[in-house]
Amino acid sequence: MQKISPGSNPNTELVVSSEGGVNRQLFKSAVNIRTQHFGNEVYPRGVVEISNYCNLNCLYCGMRKDNLTINRYRLGHNEIVQIALSMEQHGIKSIMLQSGDDYTYPIASLVKTVHAIRKETDLRVILCLGERKRADLEAMLKAGANMYVLKLETPNPILFQKLRPSTTFERRLNQLKFMKKIGYQISSGFIVGLPEQTHHEIFEGLMLLKDLRVDAASVSPFIPNEGSPLKNEPFGSLELSLYFLAQMRIHLQGVYIPAVSAFSLLHKDGQALAMNAGANVITINFTPKTNAKQYLMYSEKRNPVSLERARELILSLGMTSSILQIN
Ligand code: 5AD
């Protein structure tokens, strides 16, 4: 077992057992902090992936514009509102509307949908729709949106631009700052294990999230996606991702941290390990099954979390949640 320190050589192969002494202590501290802020509750968030169109060509993503092998879809207003109603019946507290950077999804329709969900349900609305014009962000906030998720993905601006051609780190950071200023809660985070990424910069990234006063944050292990140029790169490390998740909890204290489903692609109990490293949110997938197959965020085998699996996970951890109180 080797201790990781935030400055360690990025090329060192890290062997850190999650059973090992260093991480066991770290995870315990992280869970203690989570308990101080959230008690024993897991916060259930529902996601509906409203469009898999994307204008961008990120090197790690299978939904990139140049991937011509997937069927593209968009869900419409009525369908999304129906899904929101069903989420609420199942005890879900927030709906996340997620898509690629689909700039042709009509903004008027998004505004109408956000407004209808806020009016017809008690759900909070979280948006994860990529980089957007300021006027559009303002319009969706005015319609009732509560939070916007915009991951920084990797905190090194040079690597960022290599992996996300035609976008810049600075522009993304500015969008986050703008959203916080106008009244959104903001969420961001990093992929751990991207080629050329260093441990030091991920740690610096966590500090940046702290400075931004994010309300939620995530760490996701890198999953080589078959539909992307990085398909032959190695998977991100489970141990390292858990390590940074725990550090995130310790440094960012009471933020909402999801145990993202990418963890379950590295280990069958990956999401339980993420909860035991300090996560407190589970995202349950409500995208219609045929569409979900075409939403190639992590991989074709991406293993979306069902209500049933979320319930089993929460019960196995001895935790509680509003989705356990309803059938
Ligand atoms: N591996 C891990 N996470 C990924 N994401 C996208 N592609 C990958 C990948 N190959 C994450 C990004 C994105 C979120 C929706 O999914 O953080 O913002």
Open item on the list: Can you tell me which condition Lys177 does not meet? The list is (1) surrounded by 15 or more Cβ atoms within 10 Å (Cβ to Cβ); (2) within 30 Å of Gly236 (Cβ to Cβ), and all the others hold.
Closed with: (1)
Open item on the list: Residue under question is Leu296, and the condition is that it be at negative phi, modelled with pLDDT of 95 or more and not basic (Lys, Arg); does it hold?
Closed with: no
TODO: Scan region 251-304 residue by residue and report those that are polar (S, T, N, Q) and assigned to a helix (DSSP H, G or I).
DONE: Ser264, Gln271, Thr290, Asn291
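Counting just the residues of region 56-69 that are touching a residue at least 60 places away in the same chain (Cβ under 8 Å) and either more than 14 Å from the ligand (Cβ to nearest atom) or small (Gly, Ala, Ser) (or both), which one comes out nearest to Val281 (Cα to Cα)? Steps first, please.
Filtering region 56-69 down to residues touching a residue at least 60 places away in the same chain (Cβ under 8 Å) leaves 56-64, 67, 69.
Remaining after also requiring either more than 14 Å from the ligand (Cβ to nearest atom) or small (Gly, Ala, Ser) (or both): 62, 69.
Numbers: Gly62: 25, Thr69: 33 Å.
Across region 56-69, the extreme among qualifying residues is Gly62.
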TODO: Filter region 218-272 down to residues that are without any contact (Cβ under 8 Å) to a residue 12 or more places away in the chain, over 21 Å from Asn285 (Cβ atoms) and more than 11 Å from the ligand (Cβ to nearest atom), then give me how many there are.
DONE: 1
TODO: Have a look at Gly278, Gly318 and point out the one that is under 18 Å from the mean Cα position of the chain (by Cα) and either closer than 22 Å to Ile92 by Cβ or surrounded by 22 or more Cβ atoms within 10 Å (Cβ to Cβ) (or both).
DONE: Gly278
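The values are calculated or read from the model by the stated rules, or taken from the named source; none is laboratory data. Quantities reported herein were computed from a predicted structural model and do not represent experimental measurements. We place every Cβ from the backbone using ideal geometry, glycine too, and count neighbours over all the protein chains shown.
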